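For reference, the structure discussed in these notes is given below.
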Amino acid sequence: MALGTGGRTITKVDTGVIKDGTLTLSKFATTGTASATTVLYGNMAWASGSPSGKRDFTDTNATPTAGDIWFESGELKFAIDPNSASGVWITAGSMSQATNHIGAAGTQNAALWFGGFNGSSYLTQTQHYNGTAWSNGGSFAGAARRQNDGAGTQTAALTIGGTDGSSYQTTTEEYDGLTWSAGGALSDSRASAATGGTQTAAFAAGGDGASPNTGTEEYNGTAWSAGGDLLTGRGDLSGCGKLTAGLSTGGTSSSVVTNEYDGSCWSAGGNLSTGRNSHGTCGAMTAALVQGGTYGGTLNISETYNGTAWSGTANVLAGVSWTASAGSQSAGLKIGGHTAGGYIDDTEEYTKPEMQWSSGS
């Protein structure tokens, strides 16, 4: 993009906020046409006095600050304060039927939901999401159930526990993208637990059973074994992350509690701003997204976690409880659930700009 003396009106970053404005020639560190080696705006230094451009931020000579703009790999990139970036929820493809209490796994563009309750029947159904629409997958090998939890990916997933309507389950099944098959049974029956990880390295903590469960179990792809106990037993909670860096959020009595797991022990994390249970959580231990749930009524409030503290972000479009989540903090999904009007078939996608660089990172 060549610039004349009058400048061009484009999107710019001003004090960490992206907005429309005019960048004049005098505001640029260099002149000429933007290229992979030309810094457009900001304080990034040249390497060894030659115009090689400071765009590799592993290089200690690169010192961008919030507001810097550069061109790399055919894209304009911005250095902004991550606390200034806010996500947005949008309506996405509808599920085949209204349902809640489901399990979920995968990413925003390659997700699964499975099991659940549609208001009249417990389900064995699975559906796949491709970023646009849902399509049918394989049915459970075992009994229909709800309040089952998920972990893994679209082609290597787990469904964990749940209830068949008469008792809580120890059932685990493994999914290969087409077919469910029996996996190792949990030691303790549980439903609506905090889960995360992969098909061969997962955790399941807390959940409903004879009483709110404090126990954690770890899965190695074959069998479950005992892990560290939650600090407080909770049911109706949610989780995300991986076996060696897991997160449990909320739970019984609309809890604000967050616990972090290192693969052996749980420790206290930052409290949620709004207590909740029957909600969805996705992402990583240091970059999580919570949405929906109930706290004296159905919630539309979402929050993001940075490994230390929770902060508010955009609300889901429809407040929902007994919902599920998949994906990451920057690209998440809200899947199904229950509102004051009944069961829903809604899917919403959450997108938050990922930081190319941020001050203090």
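The values are calculated or read from the model by the stated rules, or taken from the named source; none is laboratory data. Because the structure is predicted, anything quoted here is derived from the model rather than measured. Backbone-built Cβ (ideal geometry, glycine too); neighbour counts: all protein chains shown.
Restricting to the range 126-147, give me the number of residues that are within 23 Å of the chain's Cα centre (by Cα) and surrounded by 15 or more Cβ atoms within 10 Å (Cβ to Cβ).
Selection size over the range 126-147: 8.
Based on what the data block shows, is GLY165 modelled with pLDDT under 95, in contact with a Lys or Arg (Cβ under 9 Å, 6 or more places away or on another chain) and surrounded by 16 or more Cβ atoms within 10 Å (Cβ to Cβ)?
no
Any residue at all in the range 175-188 that is closer than 25 Å to ILE344 by Cβ and within 23 Å of the chain's Cα centre (by Cα)?
Taking every residue of the range 175-188 in turn, at least one turns out to be closer than 25 Å to ILE344 by Cβ and within 23 Å of the chain's Cα centre (by Cα).
For the range 230-251, name all the residues that are assigned to a loop (DSSP other than H, G, I, E, B) and buried (at least 20 other Cβ atoms within 10 Å of the Cβ).
LEU230, ARG234, GLY235, ASP236, LEU237, LEU243, GLY250, GLY251
What do you reckon, is ALA223 buried (at least 22 other Cβ atoms within 10 Å of the Cβ), of a type in the set (A, V, I, L, M) and within 18 Å of TYR175 (Cα to Cα)?
No, not satisfied.
In the range 271-284, which residues are closer than 15 Å to THR313 by Cβ and small (Gly, Ala, Ser)? Break it down stepwise before answering.
Taking the range 271-284 as the starting set, the residues that turn out to be closer than 15 Å to THR313 by Cβ are 272-274, 276, 279-283.
Scanning the range 271-284 gives SER273, GLY280, GLY283.
Given the structure, is SER181 more than 24 Å from ALA284 (Cβ to Cβ), part of a strand (DSSP E or B), in contact (Cβ under 8 Å) with a residue 40 or more places away in the chain and of a type in the set (S, T, N, Q)?
yes
Inside the range 272-361, counting only strands (runs of 3 or more DSSP E) that do not spill past its ends, which hold 2 or more residues that are modelled with pLDDT of 95 or more? Lay out the reasoning, then the answer.
Working: elements: 280-284, 287-291, 302-305, 310-312, 324-327, 331-339, 342-351.
Those strands (runs of 3 or more DSSP E) span 280-284, 287-291, 302-305, 324-327, 331-339, 342-351.
What are the residues in the range 137-176 that are farther than 20 Å from LEU243 by Cα and either of a type in the set (Val, Ile, Thr) or not assigned by TED's automatic domain parsing to the domain that holds SER328 (or both), if any?
Across the range 137-176, the qualifying residue is only THR163.
Among the numbered conditions (1) crowded, with 19+ Cβ neighbours inside 10 Å; (2) modelled with pLDDT of 95 or more, tell me where SER254 comes up short.
Every condition holds for SER254 apart from (2).
This table checks each residue for (1) of a type in the set (A, V, I, L, M, F, W, C); (2) outside any loop (DSSP other than H, G, I, E, B).
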position: ALA111; (1), (2): yes, yes
position: GLY119; (1), (2): no, no
position: GLY150; (1), (2): no, yes
position: SER166; (1), (2): no, no
position: THR170; (1), (2): no, no
position: GLU173; (1), (2): no, yes
position: GLY177; (1), (2): no, no
position: ALA185; (1), (2): yes, no
position: ASP188; (1), (2): no, no
